[in-house]
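Contents: one structure, followed by commentary.
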Protein chains: 2
Amino acid sequence: MPGSDKKRGSATAAQAHEGTLVTRGERKQRTRSTLLDAALKLMGEGRSFTSLGLREITREAGLVPTSFYRHFRDMDELGLALVEEGGLTLRRLLRDARKAGMPVEDIIRGSVRVYLHYVREHHLQFLFIVGERMGGSPTIRRAIRTEVTHFTNEMAQDIQQLRLLPRELSTAALQMICGLVVSTMLNAAGDILDLPPKQTQLEHELVEHYVRQLRLIFLGSTLWKESP
Amino acid sequence: MPGSDKKRGSATAAQAHEGTLVTRGERKQRTRSTLLDAALKLMGEGRSFTSLGLREITREAGLVPTSFYRHFRDMDELGLALVEEGGLTLRRLLRDARKAGMPVEDIIRGSVRVYLHYVREHHLQFLFIVGERMGGSPTIRRAIRTEVTHFTNEMAQDIQQLRLLPRELSTAALQMICGLVVSTMLNAAGDILDLPPKQTQLEHELVEHYVRQLRLIFLGSTLWKESP
DNA sequence: TGTACATCAGTGAACGCGCGTTCACTGATGTAC
DNA sequence: TGTACATCAGTGAACGCGCGTTCACTGATGTAC
């Protein structure tokens with residue numbers, strides 16, 4: 001029976017797709033994720049990131065405080081990792097929208113509905129991004145700003161390629177418009193996250209509110225003239 | 001010689017402001033203000049409100065920690081006082097704008113410039129309002145939301161009375177538009193507060209960016225049709 | 001293949017420190033007569 | 001008016017507690033031969 005009792009040791013790619021985590025690196029990544037999730041969970045209880053403590057997070061993650069340092073130099077570094085994760089979540093939103101396509105009619109209402117569900121599905125990430133975008137430490141704030149700018153540029157590219165805006169607009173104008181759309185949708189995320197659960201009436205009003213704001217923006221876009 | 005040698009005793013931080021304060025009530029108000037200012041000042045150093053400590057604030061205010069309780073039950077109550085102060089600052093902005101009037105041509109650029117200076121003049125208040133609007137504790141966040149809603153409604157009233165929008169719009173539509181304007185300007189405040197000093201080039205670009213966004217919104221407003 | 005050694009994620013005790021809150025107090029200001 | 005007493009903003013000592021960080025450690029995993 002060669003190799004039958006040898007399930008540890010040098011775990012190579014052959015074993016990588018087996019169910020349980022084997023290598024040290026994989027375990028480490030998993031623990032790191034646990035720490036990030038713990039931080040998000042605590043923020044989900046109404047706390048801001050800057051008010052979280054290192055011990056609090058490791059406790060929530062089921063680790064001893066000193067383990068923290070195996071993964072992050074300090075809280076700032078953990079925060080930046082959360083920003084990166086949040087940035088990925090934002091990109092995925094665009095990617096999903098690109099793939100799924102949208103109903104040609106009422107594309108705006110469709111998008112807002114999809115967005116609402118997406119924000120709920122990733123509510124801890126949005127809570128972090130939206131909450132720290134203006135109120136976090138300067139470092140975190142700058143990192144979030146960078147992610148949001150990238151997101152805005154990608155959206156501009158998508159809109160251009162999909163010909164979602166009727167007339168030709170300069171890149172600068174398109175970016176300005178997307179900036180307004182993005183800040184409006186981040187504002188919407190704040191409202192979505194504060195929406196009490198099961199209030200379909202309130203939820204519907206919220207959707208309609210942002211549908212109108214976006215419609216107004218696109219209405220303005222059709223009239224836009226380059227700098228007069 | 002009544003009152004000649006009688007000016008010392010418990011010389012407090014509150015008295016440091018020149019001696020014309022007489023009544024106990026006035027002194028108390030002054031100390032309260034000192035506490036609020038201390039909290040704002042600490043936030044001005046890049047901290048979020050939720051991360052501030054009671055001792056930290058009293059220390060900054062030149063008081064002993066226990067004095068805090070003469071003015072606020074806890075940090076949340078101090079935060080709500082700051083929201084109220086910030087709300088007053090927002091109203092004053094509208095009131096000033098109403099009184100001053102605006103150049104009939106280029107009313108938007110004029111407004112954005114006035115706004116930029118106003119935000120700088122009251123930068124600590126805006127730092128608090130904008131920073132805690134999304135990221136603060138639920139209590140503070142709700143309070144800020146209320147203030148911002150009032151502000152939006154007042155703005156809608158002003159715009160209606162001053163006939164700033166050409167066509168007739170329903171109250172609901174006007175409020176929706178003002179909501180978009182306000183959230184855009186709060187977003188702008190975040191950028192203004194992060195603007196490095198003395199960078200007139202960046203400052204000018206920022207102003208032009210928001211001028212374009214507002215112009216887009218007003219352009220959309222002229223086309224707005226009630227729910228189709 | 002088996003063995004001997006290196007690595008390093010996670011542990012647990014210990015530290016000094018600042019925190020929020022309590023309590024009894026002081027003494028100037030306010031009030032009743 | 002002056003006097004005697006009440007009020008209460010601000011003080012200072014004390015408390016128990018959780019914090020971030022250090023250090024030496026353990027033992028499973030990884031590697032060299």
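So, A:Arg59, is that one more than 14 Å from chain B (Cβ to nearest Cβ), within 12 Å of DNA strand D (Cβ to nearest atom) and in contact (Cβ under 8 Å) with a residue 40 or more places away in the chain or not? Answer is no for this residue. Here region B:65-103 is the region considered, the condition is being of a type in the set (A, V, I, L, M, F, W, C), within 14 Å of chain A (Cβ to nearest Cβ) and within 16 Å of DNA strand C (Cβ to nearest atom), and the residue that is farthest from B:Leu54 (Cα to Cα) is B:Leu82. State all residues of region B:9-49 that are at pLDDT below 65 and in a helix (DSSP H, G or I); if no residue qualifies, say none. Answer for region B:9-49, where residues must be at pLDDT below 65 and in a helix (DSSP H, G or I): B:Ala13, B:Ala14, B:Gln15, B:Ala16. What residue, of B:Ala189, B:Ala173, is assigned to a helix (DSSP H, G or I), within 16 Å of B:Glu226 (Cβ to Cβ), in contact (Cβ under 8 Å) with a residue 12 or more places away in the chain and at the interface with chain A (Cβ under 10 Å from one of its Cβ atoms)? Residue meeting the stated conditions: B:Ala173. Taking the criterion of being within 16 Å of A:Arg109 (Cβ to Cβ), surrounded by fewer than 20 Cβ atoms within 10 Å (Cβ to Cβ) and touching a residue at least 40 places away in the same chain (Cβ under 8 Å), the only residue of region A:192-205 that qualifies is A:Glu203.
State yes or no: is B:Asp106 of a type in the set (Asp, Glu), within 14 Å of chain A (Cβ to nearest Cβ), farther than 23 Å from B:Ala173 by Cα and in contact (Cβ under 8 Å) with a residue 12 or more places away in the chain? Judged against the criteria, B:Asp106 is not a match.
Reported count of residues in region A:57-90, each being assigned to a helix (DSSP H, G or I), farther than 30 Å from A:Leu116 by Cβ and acidic (Asp, Glu), is 2.
Would you mention how many residues in region A:20-40 are β-branched (Val, Ile, Thr) and either surrounded by fewer than 16 Cβ atoms within 10 Å (Cβ to Cβ) or near DNA strand C (Cβ under 7 Å from one of its atoms) (or both)? Going through region A:20-40 one residue at a time, the tally reaches 3. Residues in region B:147-161 that are touching a residue at least 24 places away in the same chain (Cβ under 8 Å) and more than 13 Å from chain A (Cβ to nearest Cβ) were compared, and the one that is farthest from A:Leu193 (Cα to Cα) is B:Asp158.
In region A:208-221, the residue that is surrounded by the most Cβ atoms within 10 Å (Cβ to Cβ) out of those that are of a type outside the set (D, E, K, R) and more than 8 Å from chain B (Cβ to nearest Cβ) is A:Tyr210. Exactly one residue out of B:Ile129, B:Ile140, B:Ile144 is within 14 Å of chain A (Cβ to nearest Cβ), in a helix (DSSP H, G or I), over 22 Å from B:Leu223 (Cα atoms) and touching a Lys or Arg at 6+ places or on another chain (Cβ under 6 Å), and it is B:Ile144.
The values are calculated or read from the model by the stated rules, or taken from the named source; none is laboratory data. Quantities reported herein were computed from a predicted structural model and do not represent experimental measurements. Methodologically, a virtual Cβ is constructed for each residue, glycine included, from the backbone with ideal geometry; neighbour enumeration extends over all protein chains shown.
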